[in-house]
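Asker: One structure is given below, represented as structure tokens, and several questions about it will come after.
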Amino acid sequence: MNYETFRCVPKNGYYDDGYEKCSPCPEGCTKCISKALCLQCNSGYFLYNKSCLQECPKRSYFDASNLICQACPYDCLTCDSKRNCLSCSDGDNRFYAFIRSRCLPKIGYYDNSKTIATKCPQGCASCSSSSLCTSCK
């Protein structure tokens with residue numbers, strides 16, 4: 001009992017939803033503040049975007065020191081714990097550059113600091129932005 005608020009303090013795996021009984025946290029969640037917001041996960045689960053998952057999703061990697069899934073750089077489909085790209089998505093208009101360990105835009109596209117590379121303007125073979133052709137077709 002919290003004597004300042006006169007409310008019960010939920011046990012691990014439950015949250016106070018304002019009703020007489022506490023409600024259970026989502027599957028894999030040890031500590032939560034609502035059915036959708038987890039703060040800590042059970043062993044074997046990893047925290048990602050306030051949810052507990054059994055494996056990190058694409059575009060993220062497992063951070064062993066914090067037991068959470070961290071986001072990869074925007075251009076990577078998969079990455080390692082040093083945030084080096086390991087693979088790229090062909091649908092992102094990128095290719096894997098082994099020497100740089102990054103996913104670079106394909107010819108005819110430019111890096112817009114977003115997941116999907118942007119197509120160069122019509123008439124450009126390569127460009128560095130939507131208004132700067134570096135070579136023409």
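The values are calculated or read from the model by the stated rules, or taken from the named source; none is laboratory data. None of the values given here were measured: they were computed from a predicted structure. Glycine also receives a Cβ, built like all others from the backbone with ideal geometry; neighbour counts cover every protein chain displayed.
Asker: So how many residues does the stretch 5-17 have that are at pLDDT below 80 and either among the small types (Gly, Ala, Ser) or in contact with a strand residue (DSSP E or B) (Cβ under 6 Å, 6 or more places away or on another chain) (or both)? Quick ask: steps written out before the conclusion?
Answerer: Initial filter on the stretch 5-17 (at pLDDT below 80): 5-9.
Checking the rest, the ones that are also either among the small types (Gly, Ala, Ser) or in contact with a strand residue (DSSP E or B) (Cβ under 6 Å, 6 or more places away or on another chain) (or both) come to 9.
Number satisfying all stated conditions: 1.
Asker: Taking the condition more than 30 Å from residue 10 (Cα to Cα), out of contact with any helix residue (DSSP H, G or I) (no Cβ under 6 Å at 6 or more places or on another chain) and loosely packed, with under 13 Cβ neighbours inside 10 Å, does residue 119 pass?
Answerer: Considered against the rule, which asks whether it is more than 30 Å from residue 10 (Cα to Cα), out of contact with any helix residue (DSSP H, G or I) (no Cβ under 6 Å at 6 or more places or on another chain) and loosely packed, with under 13 Cβ neighbours inside 10 Å, residue 119 comes out as no.
Asker: Let me spell it out: the conditions are (1) assigned by TED's automatic domain parsing to the domain that holds residue 114; (2) out of contact with any Leu (no Cβ under 6 Å at 6 or more places or on another chain), and residue 78 meets all of them except one. Which number is the exception?
Answerer: (2)
Asker: So how many residues does the stretch 15-67 have that are of a type in the set (Lys, Arg), assigned to a loop (DSSP other than H, G, I, E, B) and surrounded by 14 or more Cβ atoms within 10 Å (Cβ to Cβ)?
Answerer: Matching residues across the stretch 15-67 total 2.
Asker: Considering only the stretch 93-116, state which residues are surrounded by 14 or more Cβ atoms within 10 Å (Cβ to Cβ) and touching a residue at least 24 places away in the same chain (Cβ under 8 Å).
Answerer: Listed by number, the residues that qualify are 93, 102, 103, 104, 111, 115, 116.
Here is a yes/no grid of residues against (1) assigned to a loop (DSSP other than H, G, I, E, B); (2) modelled with pLDDT of 90 or more; (3) not assigned by TED's automatic domain parsing to the domain that holds residue 59:
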residue: 103; (1), (2), (3): no, yes, yes
residue: 107; (1), (2), (3): yes, yes, yes
residue: 115; (1), (2), (3): yes, yes, yes
residue: 127; (1), (2), (3): no, no, yes
residue: 134; (1), (2), (3): no, no, yes
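Asker: Right, another one. For the stretch 69-92, how many residues are in a loop (DSSP other than H, G, I, E, B) and exposed (fewer than 14 other Cβ atoms within 10 Å of the Cβ)? Can you show your working first?
Answerer: Of all residues in the stretch 69-92, those in a loop (DSSP other than H, G, I, E, B) come to 72-77, 80-84, 88-89.
So of that shortlist, the ones also exposed (fewer than 14 other Cβ atoms within 10 Å of the Cβ) come out as 80-82.
Residues meeting the conditions: 3.
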